[in-house]
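Chemist: Just passing along the structure, written as structure tokens.
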Amino acid sequence: MIAEPAPTLTDLNGHRPRVPRHVAIIMDGNGRWAEQRGLSRNAGHRAGTENIRNIIRTFGERGVEVLTLYAFSTENWTRPRREVNALMRLIGRVINREVKELHRNGVRLVHIGDLQPLEPEIRKKVEQAIALTKDNDRMTVAVAFNYGSRAEIIGAVKRLMADGVPPERVDEQLFSSYLYTAGLPDPDLVIRTAGEVRLSNFLLWQSSYAELYATSTFWPDFDTAEVDRALAAYARRDRRFGGVSDDGGQDAGHAAGNGR
Ligand code: IPE
Ligand code: IPE
Ligand code: MG
């Protein structure tokens, strides 16, 4: 059996960063985790939220600057009312429980998605947490709650048009600035737990060159060792951005994407 290579933080030339700047996670599998234990789906969601503190801390310790957590999609409204209500309550509880410590640790909280359909009380909690932490600069945690990539893109197009932006001024940079993720770097690594290998309407524009990593582990069981496995896998990837490999290949100087 071949042992997994140890994670390397630099490439052969010692200069290419091997830690992703931005990691985005599709936190999936709470329901199946609970089902396996004979618990309710809502108990699975509760267990999932208990994992979040450790995961934020671990990615922060590994040098990740931005962590995006997919917590509720625009399609998740189609779930039974009871489950939707429980998920709404949970975001409020997580904020109550975690925000002080996150703030103490220099974490800036941002939200991506649409807060409008949320109950005013929950919306206010999210907005207060964002306002409290807005000047922190050690790490950014983006919570994708009521997030959908297609809705985000349609919203961006509508606002570009409403602003009267002439077509010739529309480029990738300007378009990105109309997305919820304006100001955040694109994700380098997208992790999905619980076995499915699909994006489920998550960061479609932003992930165009992200490395994808899937694990069969359910979200409540995704622990520090899992984080390190994902980061080790990332460190071994050869990101070419449409160019050619720059890890010692003679052609590196000719690569269109060289230097990225
Ligand atoms: C992820 O767990 C949490 C949300 C989508 C809100 P799921 O609830 O999707 O869990 P499974 O996929 O049914 O196991
Ligand atoms: C994706 O999980 C959304 C979140 C993790 C918030 P889903 O469980 O909703 O995705 P599908 O239905 O399996 O594609
Ligand atoms: Mg799921």
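The values are calculated or read from the model by the stated rules, or taken from the named source; none is laboratory data. Predicted model, so just to flag it, every value in this text is computed and none were measured. Virtual Cβ from ideal backbone geometry, glycine too; neighbours counted across all protein chains shown. Accessible surface areas use protein heavy atoms only, side chains included; no ligands, DNA or RNA. Shrake-Rupley method; radii C 1.70, N 1.55, O 1.52, S 1.80 Å.
Chemist: Contact order normalised by length for the chain, with contacts defined as Cα pairs under 8 Å and 6 or more residues apart; what percent is it?
Modeler: 27 percent
Chemist: Place a +1 charge on the Cβ of each Lys and Arg in segment 160-249 and a -1 charge on the Cβ of each Asp and Glu, then give the dipole magnitude about the Cα centre in debye, rounded to the nearest 20.
Modeler: I would put it at about 180 debye.
Chemist: On average, how much accessible surface per residue is there in segment 22-237, in Å², for a 1.4 Å probe, leaving out ligands, DNA and RNA?
Modeler: 50 Å²
Chemist: Something else about it: Using alpha carbons only, how many angstrom separate the centre of segment 159-226 from the centre of segment 64-115?
Modeler: Result: 17 Å between the Cα centres.
Chemist: Here is a further query. Given the whole protein assembly as supplied and a 1.4 Å probe, what does the accessible area of Lys134 come to in Å², nearest 10?
Modeler: 120 Å²
Chemist: Could you state how much accessible area Asp171 has, in square angstrom rounded to the nearest 10, with a 1.4 Å probe and all protein chains kept in place?
Modeler: Probe radius 1.4 Å; accessible area of Asp171 about 80 Å².
Chemist: Summarise the accessible area of the chain (1.4 Å probe, protein heavy atoms) by the percent that is carbon and sulfur.
Modeler: 51 percent
Chemist: Amide H to amide H, which residues 5 or more places from Asn51 or on other chains are under 5 Å from it, using H placed in the peptide plane?
Modeler: none
Chemist: Leaving ligands, DNA and RNA out of it, work out the accessible area of Met161 with a 1.4 Å probe and give it in Å² to the nearest 10.
Modeler: It works out to around 140 Å².
Chemist: Would you list, by chain and number, the lysines whose Cα falls below 26 Å from the Cα of Lys134, excluding same-chain residues fewer than 8 positions away?
Modeler: Lys100, Lys124, Lys125
Chemist: Need the list of lysines near Lys158 for cross-linking: C-alpha distance under 19 angstrom, and skip anything on the same chain fewer than eight residues off.
Modeler: Those lysines meeting the cut-off do not exist here.
Chemist: Related question: As a test of understanding, state the convex hull volume per residue of segment 22-237 from its alpha carbons, in Å³.
Modeler: For segment 22-237, the hull spanned by Cα atoms encloses 127 Å³ per residue.
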